[in-house]
1. Report the FRET efficiency, 1/(1 + (r/R0)^6), for GLU91 and GLU55, where r is their Cβ-Cβ distance and R0 is 35 Å, rounded to 0.05.
2. Counting only helical runs of four or more DSSP H residues, what would the 222 nm mean residue ellipticity of the chain come to if each run contributes -39,500 (n - 2.57) and the total is spread over all its residues?
3. Per-residue counts of other Cβ atoms within 10 Å, averaged by peptide: what ranking do you get for 132-139, 52-59, 82-89, highest first?
4. Please work out the FRET efficiency for the pair GLU64 and SER8, using the Cβ-Cβ distance as r and a Förster radius of 30 Å; give the result to the nearest 0.05.
5. Charges only on Cβ, +1 for Lys and Arg, -1 for Asp and Glu: so what's the dipole of the chain about the Cα centre, in debye to the nearest 20?
6. Straight-line reach only, C-alpha to C-alpha below 19 angstrom: list the aspartates and glutamates that LYS81 could link to, leaving out same-chain residues fewer than 8 apart.
7. If I model a spin label as a point 7 Å beyond the Cα along the Cα-Cβ vector, how far apart are those points for LYS75 and GLU151 in nm?
8. Per residue, what accessible area does the chain have, given a 1.4 Å probe and all protein chains present, in Å²?
Amino acid sequence: MNTIYFDSAVNDDVRRQRLYDGQLFVFSPRPSSIALCNHAREMIEEAFGSLDPQEAQYSLPVEEYVAIVSPLKPKFIHHPKTKQLIQDVLEESGCDLNLTYLDVPRLRMTTSGGYLTSGVGYAFHPHRDTWYSAPMCQLNWWLPIYDFESESSMAFHPRYWNEPVRNGSSSFNYYEWNSSGRKNAAQHIKNDTRKQPRPEEHVELEPQIRAVCKAGGIILFSPAHLHSTVPNTSGRTRYSIDFRTVHLDDVVTKGGAPNIDSAPTGTSLRDFMRGTDLSRLPEEAIALYEDKPSTSGVFVFQPSL
Ligand SMILES: [Fe+2]
């Protein structure tokens, strides 16, 4: 990894290849991404009423803050406008919507000063999404809803692009996580006991790279990068949107970033919907990513994933 492409005009095929090589892309706010962020901002501001959402943590007990943001997350995901706005972002970014599949967007909040770091405000430890059963060809799109600072950003840990980290992904199963872990996020206010894949050795967080852009900008990256939430010391709560895409060609050829240390079972591919009609990926394509049972009946990781 050696380059951050800023407002690059390369086509989607070239861009995906560079992303699979670990490069980062950052885009200035554009009409479609501004519209998506404005939509999220309206929902957030409506939920907080007279309070400034970026400052509300200073006026509310943490339980009340959680009570406001918890319903906001599913409301944003399921709002009829949300998916269309994401389709618009992909189209304006040069993706072929016939071949590009997206999952539902997440709305995240990272409060300042350790006010809320678990459950709905989970501050992500260093991880690769591929430890959580993301396919190697997944790409992550991350958009800040308000301007933010380096002190409230996310960090990439580029030395680990090529360097494996001993981690707990081999005991992570995506289907178990969906049926228990994710659903219970709102219950985790003071600490988070959900079993997540973590580094199992010391990780050097420096050198790290943080990209800072304006509200409505886009940071596009391969989530095979080791990345983490920067402990927010900016004094303001950060709100962001992220969603993921896969390209059908790369799914069927099992393309994408190199897999150096991810060994979960199950796949998140059933979450993705085609950019045109929101249909799901063909089951034959998903089957390429299912774990095959060993002769003992125990599921084993297929290294070719
Ligand atoms: Fe992540």
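The values are calculated or read from the model by the stated rules, or taken from the named source; none is laboratory data. It should be emphasised that the depicted structure is a prediction, and the values quoted were computed from it without experimental measurement. Methodologically, a virtual Cβ is constructed for each residue, glycine included, from the backbone with ideal geometry; neighbour enumeration extends over all protein chains shown. In case anyone asks, the SASA skips ligands and DNA or RNA and just uses the protein heavy atoms, side chains included. Shrake-Rupley method; radii C 1.70, N 1.55, O 1.52, S 1.80 Å.
1. FRET efficiency, GLU91 to GLU55: 0.50.
2. Computed ellipticity for the chain at 222 nm equals -6500 deg cm²/dmol.
3. Result, highest mean Cβ count within 10 Å first: 132-139, 82-89, 52-59.
4. With R0 = 30 Å, the Cβ-Cβ based efficiency is 0.10.
5. The dipole of the chain has a size of about 420 debye.
6. Counting by Cα, and skipping residues close in sequence, LYS81 has these aspartates and glutamates nearby: GLU42, GLU45, GLU46, GLU91, GLU92, ASP103, ASP242, ASP271, ASP277.
7. Rounded to a tenth, the inter-label distance reads 3.0 nm.
8. Dividing the accessible area of the chain by its residue count gives 43 Å².
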